[in-house]
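The structure under discussion appears below in the form of structure tokens.
Computed from the coordinates by the stated procedures, all read-outs in this text should not be read as laboratory data. This structure is a prediction, so every number in the text was calculated from the model and none was measured. Glycine also receives a Cβ, built like all others from the backbone with ideal geometry; neighbour counts cover every protein chain displayed.
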Amino acid sequence: MRWTVRPPCSATRRTIMAEILAPCGSPEALEAALRTGCDAVYLGGEDFSARANAANFSYEELKKAVERCHIRGVKVYQAINTVITDRELEKCAEAVRAACELGVDGLITQDLALVYIARECCPGMELHASTQMTLHTEKGVMLARELGFSRAVVSRELPAGIIRELCRLPIEIEVFVHGALCMSVSGQCFMSAVIGSRSANRGLCAQACRLPASSVRDDRDSCALSLKDMSHVGHLRELEEMGAASLKIEGRMKRPEYVAAAVDAVRRELAGEEHDMGLLRDVFSRSGFTDGYYTGKTGRDMFGYRRKEDVEASAGALSALHELYRREYKRSKVTALVKMKRGEAVSLTLTDDNGITASVSGEMPQEAVSRPADKVYLTKQIGKLGDTIYELGALDCELDDGVTLPAGALGELRRAACAELDKQRYEHFTRRPEYMKKSFEFKAPRRAEKQVIDIGINRADQLDNIDVSRVGRVYAPLKLVERLLESGFDSEKLCAVMPRFTFDEKRDTERLAGLKAKGLKDIECTNYAHIAIGRELGMKLHGGFGLNVTNTAAMKLLREMGLEDCTVSIELKASEIAALGDECGISVLAYGRIPMMLTVNCPIRGQRGCGKCTKEIYDRTGRRMPVRCEKAQGYVEILNSDTLCISDKLGDFPTAERFRVELYDESPERAEKILTAFERGEKLTGESLTKGLYYRGVK
């Protein structure tokens, strides 16, 4: 196969509306991004990066990266976007301090601990809400703004209409436009952690979704959890018209050639120029690309995996891509002024299109033997800007008659002026927020005075054999809460579990308001949007495990936001939970099938269609994973094959005020036995049980 590779040139520069944001997992990828015309880059340091297996950047490499980017007027966003434990809080603060010192333009994060650090130590640092925060609605995005975020990276699962609405909000919206698609909504995948103790939220995802899986038992060939890579390249100008602030390319684990191809394609598409999508597909794809989420056409066509022919195509495309970033991308058209007067050193002043000026002096002029210097000669010599980021626009000169300077001396003067202009541009584009070092003080851990058992139900009959006075609260989805209230159930005991993903926030809010009118007082906030909704309705707020709370700083902020308690992350060890400070009530998921994935693209529907739904997926080992369908909300949850149960280990969680028993398909008889085991602190038997990650932890 032959590809047409067009080197970047000055003609492709454009007035920036939506920035082109490039992934940089290594210094080599950074060079590829810069030389193909990106407007901003995102990268990770040595710690707290959600792509921990990328090469990432040391302090010195990060310093050099900021310098190289800012000379070019390119912004640098550092991803400090893993969840953080209490023991890492000071280390994280040090990473933030270093980012301020180096002039990083913004920090990308999902953990409220970093919000807390920034609030206390460097309120001038720009914060971007990572896609792992699962922001996909107006209320969620605006809560991020309230927390101090200037930008929200919205979920990849959104159709064009919702993106358009979010872009109208008074906060920058960043949209993924090309790269890998996780099967799960970002921030809501626990599959890698549960199966192999490698946490995606800690940057060590093992990509279990790319392994064979099927809705058919003993099928070892299908990859029912693997999606094609997304590409919205054909929709870029529409996204720019919507007002998207940033167009994000995924790929910090990818090669420099991939970064170059993606940046080049995005830039050319925005400029209305021809580009080669075949080359972009060949450099990396999984059975091609999909825009199914954007167009609202989910289903079978979105699924794909890395085939032999995809690998072979990549090998053939790599060499063709080097031409894309062999030369510097021209960033600025400069004007030049040359002064050549007898008795004065020759001077050259360069002024870029931002008005930044650099002046240097060189040798004394010489008497011309044959041809004196003129504007044509000087334009030719000063215009030799070669592998720099500059190109020459207009040139003026002030010359005495009969003088000149050799081409070599003018070349030295030109190089010195470019170097000085680089320095001036670096200082101009570098902002260093003040960092004020502080000691973080939180309340010490406190042994719970009373521990209660809450129960979550999937069907009303699961309470048939249970006297609800034995439990603290009964958690149920909205549709079930409505039926329970109509049947006369005690509203003081009820807590509505909000849907974990929604395409119609207004509908859910109105439904919740209707339930409040019938006596409902409590809701579980399964994502950040629900905090805003619940506060507006004057309800009692309880945090769900999907908020991924792993530290005391986050608990403190949640309490300030109005939460009474929060179910802490299922990825914490029991000892880490016990060490959390007394800033917000602690709840622990104590029983149930852990939702390993939250996905808006059902794997069963993608493989067999809804009419042949098996309600289960099998992995390559034959392990059965139930699939819970929330079709009305537009998502499904893939549950763990084993059931979490710590009924005999409650003493290892002395600070927990609440233990959550979450039922799935258990019978009323089984539900009563489970509750009794928890009340007595006895070991439960009779099914495939696990202690989850509370004792083995995650990497």
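Going through the range 25-81, which chymotrypsin sites (Phe, Trp or Tyr not before Pro) have at most 13 other Cβ atoms within 10 Å and a DSSP loop state? If you can, show how the numbers build up before the last one.
Working: sites: 42, 48, 57, 59, 77; in loops: 48, 57.
When the chymotrypsin sites (Phe, Trp or Tyr not before Pro) of the range 25-81 are filtered for loop state and at most 13 Cβ neighbours within 10 Å, nothing remains.
Can you give me the distance in nm between label points at residue 311 and residue 560, each placed 7 Å from the Cα along the Cα-to-Cβ direction?
About 5.1 nm separates the two model spin labels.
What ranking, highest mean first, results for peptides 617-626, 445-454, 265-274, 494-503 when packing means the other Cβ atoms within 10 Å averaged over each residue?
Values: 617-626: 16.7, 445-454: 14.2, 265-274: 18.8, 494-503: 22.3.
Sorting 617-626, 445-454, 265-274, 494-503 by mean packing, highest first, produces 494-503, 265-274, 617-626, 445-454.
Determine one quarter of the surface area of the Cα convex hull of the range 422-552, which equals its mean projected area, and express it in nm² to one decimal.
Numbers: hull surface 54.8 nm².
Here the figure is 13.7 nm², rounded to one decimal.
Rounded to the nearest 0.05, what FRET efficiency do residue 614 and residue 431 have when you use their Cβ-Cβ distance and R0 = 45 Å? Could the numbers behind the result be given before it?
Numbers: r = 55 Å, r/R0 = 1.23.
Once rounded, the FRET efficiency stands at 0.25.
Using every alpha carbon pair in the chain, what percent of pairs falls into each 10 Å bin from 0 up to the bin containing the largest distance?
Pair shares across the bins are 3, 14, 23, 23, 16, 10, 6, 3, 2, 1, 0.
Return a whole-number percent for the relative contact order of the chain, with Cα pairs under 8 Å and 6 or more residues apart as the contact set.
On the way: 1531 pairs, mean separation 108.0, N = 699.
Relative contact order, the chain: 15 percent.
Which number do you get for Rg(Cα) / (2.2 N^0.38 Å) in the range 139-182? Don't skip to the answer; put the middle values down first.
Numbers: Rg = 10.8 Å, N = 44, 2.2 N^0.38 = 9.3 Å.
This ratio for the range 139-182 stands at 1.16.
Return the inverse of the average 1/r over all pairs of distinct C-alpha atoms in the range 500-568, which is the Kirkwood hydrodynamic radius, in Å to one decimal.
Working: mean 1/r = 0.0812 Å⁻¹.
Hydrodynamic radius (Kirkwood, Cα pairs) of the range 500-568 is 12.3 Å.
Give me the tail of P(r) for the range 332-429 as a percent: Cα-Cα pairs with distance above 24 Å. Before the final figure, lay out the partial values.
Numbers: 829 of 4753 pairs.
Summing the P(r) of the range 332-429 above 24 Å gives 17 percent of all pairs.
Using the Karplus curve 6.51 cos²θ - 1.76 cosθ + 1.60 with θ = phi - 60°, what ³J(HN,Hα) values do you get for each residue of the range 409-415, in whole Hz, with x for Gly and Pro?
So the J values, rounded to whole Hz, are 5, 5, x, 5, 5, 4, 5.
Kindly provide the GluC sites (Glu not before Pro) of the range 289-350 that DSSP labels as loop, not H, G, I, E or B, and whose Cβ sees at most 16 other Cβ atoms within 10 Å.
Working: sites: 309, 312, 323, 328, 344; in loops: 328, 344.
Passing both the DSSP loop test and the Cβ count: 344.
Over all directions, average the projected area of the Cα convex hull of the range 286-359 and note it in nm².
On the way: hull surface 39.4 nm².
Seen from a random direction, the Cα hull of the range 286-359 projects 9.8 nm² on average.
Can you find, among 30, 390, 562, the residue farthest towards the positive end of the dipole of the chain? Put +1 on the C-beta of Lys and Arg, -1 on that of Asp and Glu.
Looking along the dipole axis, the top candidate is 30.
Tell me which residues come under 5 Å, amide H to amide H, from residue 80 once H is placed; ignore anything under 5 positions away on its chain.
Result for residue 80 returns 108.
How high is the relative contact order of the range 332-429? Use alpha-carbon pairs under 8 Å, at least six apart in sequence, and give a whole percent.
On the way: 176 pairs, mean separation 37.0, N = 98.
It comes to 38 percent, rounded to a whole number.
Across the range 644-657, in residue order, what do the Karplus-derived ³J(HN,Hα) couplings come to in whole Hz, using 6.51 cos²θ - 1.76 cosθ + 1.60 with θ = phi - 60° and x for Gly and Pro?
So the J values, rounded to whole Hz, are 5, 7, 10, 4, 9, 10, 4, x, 7, 10, x, 8, 6, 8.
Tell me, what ³J(HN,Hα) does each residue in the range 493-502 have, in order and in whole Hz, if you take phi through Karplus 6.51 cos²θ - 1.76 cosθ + 1.60 with θ = phi - 60° and put x for Gly and Pro?
Working through the residues one at a time gives 8, 8, 9, 7, 8, 6, x, 6, 8, 8 Hz.
In nm², what is the average projected area of the convex hull enclosing the Cα atoms of the range 175-294? Display every interim value, and only then the final one.
Working: hull surface 34.8 nm².
Average projection, Cα convex hull of the range 175-294: 8.7 nm².
Please give the charge dipole size of the chain, origin at the Cα centre, charges +1 on K and R Cβ atoms and -1 on D and E Cβ atoms. Round to the nearest 20 debye. Intermediate values should be presented prior to the final figure.
On the way: 103 positive and 103 negative charges, 213 e Å.
My answer is approximately 1020 debye.
7 Å from Cα along Cα→Cβ at both residue 469 and residue 146: what's the point-to-point distance in nm?
The modelled label-to-label distance comes out at 3.8 nm.
So for the range 486-637, what are the equivalent ellipsoid semi-axes in whole Å, largest first, each being the square root of 5 times an eigenvalue of the Cα gyration tensor? Provide the component values of the computation, followed by the final result.
Values: eigenvalues 164, 106, 35 Å².
Sorted largest first and rounded, they come to 29, 23, 13 Å.
So how do 29-36, 534-541 stack up, highest first, on mean other-Cβ count within 10 Å?
Numbers: 29-36: 25.8, 534-541: 17.0.
Packing proxy ranking, top to bottom: 29-36, 534-541.
Once each part is reduced to its C-alpha centroid, what is the distance from the range 671-699 to the range 37-83 in angstrom?
Going from one Cα centre to the other spans 43 Å.
When the gyration tensor of the range 110-206 is built from Cα positions, what are the square roots of 5 times its three eigenvalues, in whole Å, from largest to smallest?
Details: eigenvalues 112, 79, 19 Å².
Ellipsoid half-lengths, sorted descending, are 24, 20, 10 Å.
How far, in nm, would the chain grow between residue 486 and residue 518 when pulled straight, counting 0.36 nm per residue and subtracting the alpha carbon separation? Walk me through the numbers on the way to the answer.
Values: separation 32, 0.36 × 32 = 11.52 nm, distance 0.84 nm.
Gain on stretching residue 486 to residue 518: 10.7 nm.
Kindly provide the helix-only [θ] at 222 nm of the chain, computed as the sum of -39,500 (n - 2.57) over DSSP H runs of four or more divided by all residues, to the nearest 500 deg cm²/dmol? Intermediate results must be reported in sequence, preceding the final value.
Details: 21 runs with 210 residues, N = 699.
It comes out at -9000 deg cm²/dmol, rounded to the nearest 500.
Cut-off 12 Å, label point 7 angstrom out along Cα-to-Cβ of residue 319: give me the residues of the range 247-269 whose amide nitrogen falls inside.
The answer is none, because no backbone nitrogen lies closer than 12 Å to the label point.
5 Å is the cut-off here: which amide hydrogens, built 1.01 Å from N in the peptide plane, fall below it relative to residue 662, excluding neighbours closer than 5 in sequence?
456, 590, 591, 592
Would you calculate the volume per residue, in Å³, of the smallest convex hull containing every Cα atom of the range 549-699? If you can, show how the numbers build up before the last one.
Details: hull volume 23.0 nm³, N = 151.
So the per-residue hull volume is 152 Å³.
Taking the Cα atoms of the range 51-180, report the difference between the largest and smallest coordinate on each principal axis, in whole Å and largest first.
Each principal axis gives a Cα extent; for the range 51-180 these are 43, 34, 29 Å.
Nearest 5 percent is fine: what portion of the DSSP beta bridges confined to the chain is antiparallel? Each step should come with its number before you reach the end.
Values: 30 of 96 bridges.
In the chain, approximately 30 percent of DSSP beta bridges are antiparallel ones.
So which GluC sites (Glu not before Pro) in the range 645-699 pass both tests, a DSSP loop state and at most 15 other Cβ atoms within 10 Å of the Cβ? Intermediate results must be reported in sequence, preceding the final value.
Numbers: sites: 657, 662, 666, 669, 672, 679, 682, 687; in loops: 657, 666, 682, 687.
Answer by residue number: 682, 687.
Could you tell me how far the Cα centroid of the range 565-620 sits from the Cα centroid of the range 379-439, in Å?
When both Cα centres are located, 56 Å separates them.
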